[in-house]
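The values are calculated or read from the model by the stated rules, or taken from the named source; none is laboratory data. Quick caveat, the model's predicted, so the values are computed rather than measured. Every residue, glycine as well, gets a Cβ built from its backbone with ideal geometry; the counts of neighbours run over all protein chains shown.
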2 protein chains.
Amino acid sequence: MKAKNTIATRNTRQKDAIRAAFVETDRPLSPEEVLSYAQRSVSDVSIATVYRNLKTLVDDGWLVPVQLPGEPARYELSGKEHHHHFLCKDCRKVYELEGCVPTMKPKLPRGFRAVSHDLLLHGICAACIPRHA
Amino acid sequence: MKAKNTIATRNTRQKDAIRAAFVETDRPLSPEEVLSYAQRSVSDVSIATVYRNLKTLVDDGWLVPVQLPGEPARYELSGKEHHHHFLCKDCRKVYELEGCVPTMKPKLPRGFRAVSHDLLLHGICAACIPRHA
DNA sequence: CTGCGTGCAAATGCTTTGCAAAGAC
DNA sequence: GTCTTTGCAAAGCATTTGCACGCAG
């Protein structure tokens, strides 16, 4: 129940650094990853502030939470088209994937109604494959 | 590092009740759901025992964890074929789905190697649809 | 009997929150 | 100056673990 931007919102170094993390990285980030990035420019960001800003930015519609099975929540810039994610088993980084051919249709029991779906691919990302050779 | 069943394992009322929950329900269950079921037959099961037995049964290969985005872990009987799950937005129950046509192939970035995938359908289950009419 | 499994309560680990002080405007 | 945002530390929650006792074998 938060109005768009009719209510005063202040710009702080911390909030700027947090937003910058997403703009510069363009990859779903976990709170800890956001903290690391933000601390590069603003050394004294606290994890509590990261969590608070993530929540605020989600409420504002600037971020969307990315929930993955068995993983801490990640967040990504909102407004993107329908897409899914890739989780590297090695470095635990999450990447966005383009395209989703919803041709897979597991049989739904009678009377069930599906509204949406989540797909996650697991594997090794380009950066980690060399380490696996 | 637990051997199959060469090492002594004792049968207790609690463990029996926990195993029964899965056999009788045939649906992925959360620790809390397991506790509720188990307490029907053994009134004094503690949640700690549920967690301990879930871990043991997974180590023994009798259960497999079912991780879903943003949800507490569920567990289901092992040995089933590759399948995916359905989460009811209403009652939060998880159901197993048969069949998976892996025809959906989001574009992988160059150099990425996918090993497996997870698919979750969201919707309303047959039991909850009437309440939505 | 022996010692594994259990209940309880304390300990985690991650996320949220209260409060006084710092900072934006 | 006013009122939001921050940092710190304490509070919450779900899950795990230490310990002494109870029960299976």
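State all residues of the range B:91-133 that are polar (S, T, N, Q) and modelled with pLDDT under 90; if no residue qualifies, say none.
B:T103
Collect the residues in the range A:78-103 that are crowded, with 17+ Cβ neighbours inside 10 Å and within 10 Å of the chain's Cα centre (by Cα), keeping them in residue-number order.
Once the filter is applied, which keeps residues that are crowded, with 17+ Cβ neighbours inside 10 Å and within 10 Å of the chain's Cα centre (by Cα), the range A:78-103 yields A:H85, A:V94, A:Y95, A:E96.
Could you figure out which of (1) out of contact with any helix residue (DSSP H, G or I) (no Cβ under 7 Å at 6 or more places or on another chain); (2) within 7 Å of chain B (Cβ to nearest Cβ) isn't true of A:I124?
(1)
Show the residue pairs meeting these rules: Cβ distance below 9 Å; 6+ apart or different chains; first residue within the range B:106-133 and at negative phi and buried (at least 18 other Cβ atoms within 10 Å of the Cβ); second residue basic (K, R) and modelled with pLDDT under 90.
B:I124/B:R131
Yes/no per residue for (1) within 28 Å of A:I124 (Cα to Cα); (2) in a loop (DSSP other than H, G, I, E, B):
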{"position": "A:Y37", "(1), (2)": "yes, no"}
{"position": "A:L54", "(1), (2)": "yes, no"}
{"position": "A:V58", "(1), (2)": "no, no"}
{"position": "A:Y75", "(1), (2)": "yes, no"}
{"position": "A:K80", "(1), (2)": "yes, yes"}
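Given the conditions (1) over 12 Å from B:R19 (Cα atoms); (2) within 13 Å of DNA strand D (Cβ to nearest atom), report the number of the one that B:P69 does not fulfil.
(2)
Test of understanding: among A:V45, A:V66, A:V58, which residue is within 14 Å of DNA strand C (Cβ to nearest atom) and touching a His at 6+ places or on another chain (Cβ under 7 Å)?
When all the criteria are applied, what remains is A:V66.
Of all residues in the range A:104-133, count the ones that are of a type in the set (V, I, T) and farther than 25 Å from A:V64 by Cα.
Adding up the residues that qualify gives 1.
Residue under question is B:L97, and the condition is that it be more than 8 Å from every other protein chain (Cβ to nearest Cβ), in a strand (DSSP E or B) and touching a Lys or Arg at 6+ places or on another chain (Cβ under 9 Å); does it hold?
Spelling it out, it is not the case that B:L97 is more than 8 Å from every other protein chain (Cβ to nearest Cβ), in a strand (DSSP E or B) and touching a Lys or Arg at 6+ places or on another chain (Cβ under 9 Å).
Looking at (1) in contact with a strand residue (DSSP E or B) (Cβ under 6 Å, 6 or more places away or on another chain); (2) within 12 Å of DNA strand C (Cβ to nearest atom), which is the only condition A:Y51 fails?
The single condition A:Y51 does not satisfy is (1).
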